[in-house]
Amino acid sequence: MINVVDLKRMIRYFSLGVLSVLLLFAGGAMLLPSEYNVKEHVYINAPRSAVFPYIENLRKWNDWAFKLEEEGSRLSPEYHGPDEGAGAMHTWMSYDGSSAELRVLESEPYDKVHLQMSTNEGTFISEMIFTLEKSGEGTLVTWNEKGDFGFQLVTRVIAFVADYETKVGEQYKAALEELKKASESNS
C-alpha cells in the first residue's frame, strides 16, 4: 500500500517530468527559425503589360492564383478599395474559421507589386513582392514572400515538420504556371 508521503513524492516527480518535457519542447521550438522566405519564378511569353494586370488587380487572382484551390475554400470573399493598385484589398474566411486579408501596398506599373497578407486578424503577416523583368520577348515574374511566425512555437514546429517553405513554394509554382497560361492566352 502506498502511504501519503510516497504518493506526494510520486506526484512531485511526475509533475517535474511533465514540466521538463514541456520546457524541452519549448526550448527546441525556440531554436527553430521563426522567419520564412518562399521565392518562385516563371518565364511568360508575353509582355509585362499583359502580365501586370493579373497581379495588380486582386479580382484577376481568381484566374490564376486561386484557380487551383478547392471550390468554395474562400468563404465570403469581398473586395474593398480600388480595383487595382495601392489600396486594393481582398478579404475572405476559411472553413476552419480563420480569416485572411490581401492588400496591395505599392504598385509600380509593369515592374513591381508589393502586397501584404494578413491572417487571423494580424496573427501572421507576410510581405509579398512580385517583380516583372523584361526577358527576351517575354517577362520573368518572380514571386517572393517573407514572413515571421514570431513566438508561435507550435506553428514553428508544424512548419518545420511539414516543410512549409517547400510546400508553399510548390503551390506558388503551380499558381505561376496558371498566371503564365492566362497571360499568354490574352496577349
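Each value in this text was obtained by applying a stated rule to the coordinates, not by laboratory testing. Keep in mind that what you see is a predicted model, and the values were worked out from it rather than measured. In this analysis, Cβ positions are derived from the backbone assuming ideal geometry, glycine residues included, and neighbour counts consider all displayed protein chains.
Largest GNM mean-square fluctuation among Leu132, Leu140, Leu24, using the chain with Cα springs under 10 Å: Leu24. Applying 1/(1 + (r/R0)^6) with R0 = 30 Å to the Cβ-Cβ distance of Ser76 and Glu127 gives a FRET efficiency near 0.75.
Restricting the stretch 46-149 to GluC sites (Glu not before Pro) that sit in a DSSP loop and have at most 14 other Cβ atoms within 10 Å of their own Cβ leaves Glu69, Glu70, Glu71, Glu121, Glu137.
Could you calculate the contour length gain from Ser135 to Val5, that is, 0.36 nm times the residue separation minus the distance between their Cα atoms, to one decimal place in nm?
Using 0.36 nm per residue and subtracting the Cα-Cα distance, I get 39.0 nm.
So if we plug the beta-carbon distance of Val157 and Phe14 into 1/(1 + (r/R0)^6) with R0 = 25 Å, what FRET efficiency do we get, rounded to 0.05? Given R0 = 25 Å and the Cβ-Cβ separation, E is 0.55.
Compute the FRET efficiency between Tyr36 and Ser99 as 1/(1 + (r/R0)^6), taking r as their Cβ-Cβ distance and R0 = 30 Å, and round to the nearest 0.05. After rounding, the FRET efficiency stands at 0.90. By the rule of a C-alpha distance below 25 Å, with chain neighbours fewer than 8 residues away ignored, the lysines paired with Lys134 are Lys39, Lys60, Lys112, Lys146, Lys173, Lys180, Lys181.
Among the chymotrypsin sites (Phe, Trp or Tyr not before Pro) in the stretch 138-187, those placed in a DSSP loop whose Cβ has at most 11 other Cβ atoms within 10 Å are Phe151.
List residues of the stretch 49-69, by number, whose backbone nitrogen lies under 18 Å from a label position 7 Å along Cα→C-beta of Lys167. Answer for this model: 68-69. For the chain, a Gaussian network of Cα nodes joined below 10 Å ranks Gly147, Gly85, Gly17 by mean-square fluctuation, and the top entry is Gly17. The angle between the Cα long axis of helix 164-185 and the main principal axis of the chain comes to about 20°, on a 0 to 90 degree scale. For the chain, the spread of Cα coordinates along the three principal axes comes to 84, 34, 27 Å, biggest extent given first.
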